[in-house]
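For reference, the structure is listed below as C-alpha cells.
The values are calculated or read from the model by the stated rules, or taken from the named source; none is laboratory data. Everything numeric here is computed off the predicted structure, so don't read it as measured data. When we count neighbours, we look across all protein chains shown, and the Cβ atoms used for this are built from the backbone with ideal geometry, even at glycine. Just the protein is used for accessible areas: all its heavy atoms, side chains included, with ligands, DNA and RNA removed. Shrake-Rupley method; radii C 1.70, N 1.55, O 1.52, S 1.80 Å.
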Amino acid sequence: MAKWGQGDPRWIVELRSDATNVNNWHWTEREATGWSTDKLKELLMGVRVESEEGTCEVTEVSKLEGEASINNRKGKLIFFYEWDIKLNWTGISKSGVKYKGHVEIPNLSDENDPSEVEVRVSLAKDEPDTNLLSVMRKEGVLKFQEVVAVYISTLKTEFTQGMILPTANGVSHSAAPEQKLKIDPKKVQDKSVTCQSTGVKIPTCKITLKETFLTSPEELYNVFIRQELVQGFTHAPASVKPEKGGKFQLLGGNVSGEFVELEPEKHIVMSWRFKSWPAGHHASITLTFTDKGGETELRLEARGVPQSEEERTKEGWKRYYFEGIKQTFGYGAIHL
C-alpha cells in the first residue's frame, strides 16, 4: 500500500482556489492515521472478557504501527488502512491468581473482513498454564474482531464527514464505503424528501427485513429499549431513553434518533439515522414482534432511507443488530 502523500500525482488534481470540488471530480485525500491511532487505542483499551474462569482485560497497547487514508474520486470513497498491533493483557482467575499475556494483530488491513482478521493470544514468558488463555483465545478473539469492526465502521462514517460534496444537481453522492454498490434504476423509490437543514431533495427507498430469534417477544423487545442490553450487543457505550419522544445514541453516536411509538412485546417505531447521512435526515423504522411459539419473528420496515445507503443500511442491521443480538444473547434460532 502506498504511503500517505505518495499517491500517483497524475491522479491528484489541485482543488479550485475557492475550495469547491465540483461534482466531486477531483481526487481528494484525507490522512486518517492520527485519528485511527487514537480511535484504535480507545477501543482496544476497553476490551474486557468475563467468564466463569475469571476476568481478563487489555492493560497496554505496546505497539500500534501503520497508516490509514481515505480517497474521494468522483463521489466514491476508497479506504486504505494497514496496522500491526501488539497488546498486553492481565487476567485474574476465580481463585485470585493474576496472569499476564500478549495479543498480536499482525495484519489489520482493508483487504480483510473483520471476522477474518488474525488475532494471536499468548501468555507472557514463564507464566504457568491457565484456563484464562483458552477464554482469551475464544471469547477474547471475538471481542477484538468486534473492535476491528467498530473501528472500520466509524472510519467509514464519522471520519468521512464533508468528503462527499453536493453535486451540480444538488444531490450528494453516497459516503458509503461500498465501492461496488450500484443503484438499480428500475427499483421503485419510496419517495424523495427534502432535508430540512439543507433544503436538498434526497432520493429515498423502503427496506424490509425479517429475522427469527429463539426467544420470547418480551425478551427481544427489551433488547432494543434497555440501555444495558443495547450496550451488550453493540459492545459500545449507548444512551437509551425508552419512552415516547425519548432519544437514543448507539456506537459512539454513529447511530441516533428517538422513539416515536412503544408498545411492549408488539412493536417499536423510531426516527433513526446514521451520522453520515445528510444533516437532519431521519428514516422511519418500524419493528414488529410476532410470537411464533418459542420463537419470535422480527419484521423491520424502514422508510425514508437515502437510496444510496440502501445496501449499507441493510447490511448494518443484519450484522450489528440481528447477528449481534444472536451472538451476544444466544438467540440464534435452530431449525431442524
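What number comes out for accessible area per residue over the stretch 189-325 if the probe is 1.4 Å? Units Å², please. Each step should come with its number before you reach the end.
Numbers: 6160 Å² over 137 residues.
Spelled out: the 1.4 Å probe surface of the stretch 189-325, per residue, equals 45 Å².
Read phi for every residue in the stretch 221-226 and hand back ³J(HN,Hα) as whole Hz from Karplus 6.51 cos²θ - 1.76 cosθ + 1.60, θ = phi - 60°, with x for Gly and Pro.
Whole-Hz 3J(HN,Hα) from phi for the stretch 221-226: 4, 5, 4, 8, 10, 9.
How large is the convex hull of the C-alpha atoms of the stretch 230-336 per residue, in Å³? Mind dumping the intermediate values first?
Values: hull volume 11.6 nm³, N = 107.
Taking only Cα atoms, the stretch 230-336 has a hull volume of 109 Å³ per residue.
Between GLU258 and LYS318, what FRET efficiency follows from the Cβ-Cβ distance if R0 is 22 Å, with the result rounded to 0.05? Intermediate results must be reported in sequence, preceding the final value.
Working: r = 23 Å, r/R0 = 1.05.
For GLU258 and LYS318, the calculated efficiency is 0.45.
Could you check the spin-label model distance between GLU139 and GLU60? Points 7 Å from the Cα along Cα→Cβ, value in nm.
That separation, rounded to one decimal, is 2.5 nm.
Volume per residue, Å³, of the convex hull around the alpha-carbon atoms of the stretch 59-109? Could the numbers behind the result be given before it?
Numbers: hull volume 4.3 nm³, N = 51.
About 85 Å³ per residue, rounded to a whole number.
On average, how much accessible surface per residue is there in the stretch 29-97, in Å², for a 1.4 Å probe, leaving out ligands, DNA and RNA?
Working: 3240 Å² over 69 residues.
With the other protein chains kept in place, the stretch 29-97 gives 47 Å² per residue.
So, in nm, how far is label LYS266 from label LYS98 when the simple model puts each one 7 Å beyond its Cα toward the Cβ?
In this crude label model, LYS266 to LYS98 measures out at 5.5 nm.
Report the extension gain between LYS41 and ASN131 in nm, rounded to one decimal, defined as 0.36 nm multiplied by the number of residues separating them, less their alpha carbon distance. List each step's numbers first, then the result.
Values: separation 90, 0.36 × 90 = 32.40 nm, distance 2.66 nm.
Extending this stretch completely gives an extra 29.7 nm.
Please work out how much length the chain gains when fully extended from SER122 to ASN88, using 0.36 nm per residue of separation minus the C-alpha to C-alpha distance, in nm with one decimal.
Working: separation 34, 0.36 × 34 = 12.24 nm, distance 0.96 nm.
Extra length from SER122 to ASN88 when fully extended: 11.3 nm.
For the stretch 274-331, compute Rg over Rh where Rg is the Cα radius of gyration and Rh is the Kirkwood radius from the inverse mean 1/r over Cα pairs.
Values: Rg = 13.5 Å, Rh = 13.0 Å.
Expressed as Rg/Rh, it is 1.04.
Can you pick out the pairs among LYS143/LYS292; LYS39/LYS98; LYS63/LYS125; LYS206/LYS275; LYS143/LYS206 whose Cα atoms lie more than 21 Å from each other? Please list the in-between numbers first.
On the way: LYS143/LYS292 32 Å; LYS39/LYS98 28 Å; LYS63/LYS125 18 Å; LYS206/LYS275 19 Å; LYS143/LYS206 33 Å.
Too far apart for the 21 Å limit: LYS143/LYS292; LYS39/LYS98; LYS143/LYS206.
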